[in-house]
Every structure is written in structure tokens, then in C-alpha cells.
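Readers should treat all values here as calculations from the given coordinates under stated rules, not as data from a laboratory. Being a predicted model, the structure only gives us computed values, none of them experimental. Cβ atoms come from the backbone with ideal geometry, glycine included; neighbour counts cover every protein chain shown.
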Amino acid sequence: MLRSELLHGENILLSAVTKADAPAIARWTADAEYLRLLDADPARPLNEDQVLEWISEIPKRKNSFPFALRRKSDQELVGLTELDDVNWQHGNAYLSIGLGKPYWDMGFGTEAMELIVRYAFQELNLHRLQLTVFEYNERALAVYRKVGFVEEGRQREWIHRDGKRYAMILMGLLASDWRQMHGLQP
């Protein structure tokens with residue numbers, strides 16, 4: 001039986017990123033805390049034109065699957081997620097996710113991760129997902145572990161923030177482990 005709810009969870013759905021999302025995304029990038037959890041680059045806000053340029057590039061990226069995360073009740077944008085650098089030969093991809101600050105601690109991150117992982121393994125038939133996270137991002141670490149990711153490596157003192165050095169953690173999830181967690185056949 002086909003899963004008609006492939007892109008839909010209980011409260012969150014995966015959808016296309018649209019030009020109408022640019023103002024919200026630009027607002028999120030004006031928050032240094034959001035940027036410092038998402039990326040190692042120096043915090044640098046983007047204006048709406050820069051966000052629109054990024055959105056216009058999406059169709060050209062053949063080994064990337066970016067999605068808007070929307071609240072089902074009103075279609076409001078709550079975050080972004082992406083499967084990137086998909087290596088079709090080996091069935092691997094990098095996963096990233098970012099929620100806008102007003103939507104933290106509401107359970108959206110866990111549900112969104114479950115959706116994108118299910119999409120990766122059931123729709124794209126990928127074998128492995130990986131991501132990196134900074135050790136100070138305890139909220140994300142808890143979500144990733146809950147979804148089934150395991151720590152596979154640690155680059156000590158990789159990032160420097162506010163006078164202190166932190167590790168960057170590599171986490172991975174195999175389709176077989178995910179299927180077993182959910183009682184699905186291999």
C-alpha cells in the first residue's frame with residue numbers, strides 16, 4: 001500500500017520553499033543564535049533579496065532536496081530541512097534542519113526529523129544519512145538521538161564561539177537501523 005501521508009505528519013508537513021517564505025527566512029537570519037546553531041560560518045544576516053536568490057537556485061541543485069517545514073493547521077513556515085549532496089551510487093546524503101526561533105520547544109523539530117528521515121529512506125531509497133552538530137546544541141542532539149542517529153565521531157575543539165572551543169559531532173543513521181526502530185521489514 002502506498003503511503004499517502006509521505007510528506008505529512010500530525011502537525012508538520014514538508015512542502016516546497018517559495019518566494020513568499022523569504023521574509024520569514026530573512027527574519028530568522030537576523031538572529032545570531034539561530035545562525036550559530038545552524039552553521040559554522042560567522043553570523044551574517046541575509047536580506048530578502050539574498051534569500052530570494054537562494055530560493056531561485058533550488059531547481060538547479062540536482063542532488064539536493066530542500067523542503068519548507070509548515071505547520072499543518074495554517075501552512076505557516078516554521079523551518080527548513082534539506083537532504084544534500086546525495087550520493088546515488090552509495091545511497092548517502094547529508095541532512096540539515098533549522099527551525100525559526102519562535103517554533104523551538106514545541107515538538108516540531110522531532111516531527112520534522114521523522115518526516116525527512118522517512119522521506120529519505122522510503123522515497124529516495126537511501127542507505128545512510130549523516131549530519132553534523134556542535135556539542136553546545138543540546139536541543140538538537142536530543143532530537144537526533146530520539147530519531148535514531150548515533151554519534152560516529154567527534155572533531156575536538158573544531159569551532160570557536162564566545163572565547164571557548166567546542167567539538168563538532170558527526171552523527172549517522174542507517175536505513176536498516178531506522179526500519180528496525182519502526183518495526184518495518186528490511
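Quick look at the numbers
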read-out	value
Nearest-20 debye value, the chain charge dipole, Cβ charges on Lys, Arg, Asp, Glu	280 debye
Relative contact order computed over the range 22-132 (Cα-Cα under 8 Å; 6+ residues apart), in percent	20 percent
Expected 222 nm ellipticity per residue - DSSP helices of 4 or more, -39500 (n - 2.57), all of the chain, to 500	-8000 deg cm²/dmol
Cβ-based net charge around GLU151, under 14 Å, with every Lys or Arg adding one and every Asp or Glu removing one	0
Spacing of the two label points (7 Å from each Cα toward its C-beta) at ARG145 and LEU6, in nm	3.3 nm
The range 127-162: chymotrypsin sites (Phe, Trp or Tyr not before Pro) in DSSP coil with no more than 16 other Cβ atoms inside 10 Å	TYR136
Neighbour cut-off at most 12 other Cβ (10 Å), DSSP loop, chymotrypsin sites (Phe, Trp or Tyr not before Pro), the range 83-133	TRP88
Cα-based Rg and Dmax for the chain, where Dmax is the largest Cα-Cα distance (Å)	16.3, 54
Footprinting exposure proxy for LEU99, LEU131 (fewest neighbouring C-beta atoms within 10 Å first)	LEU131, LEU99
Mean Cα-pair separation over length for the chain, i.e. relative contact order, pairs under 8 Å, 6 or more apart, %	18 percent
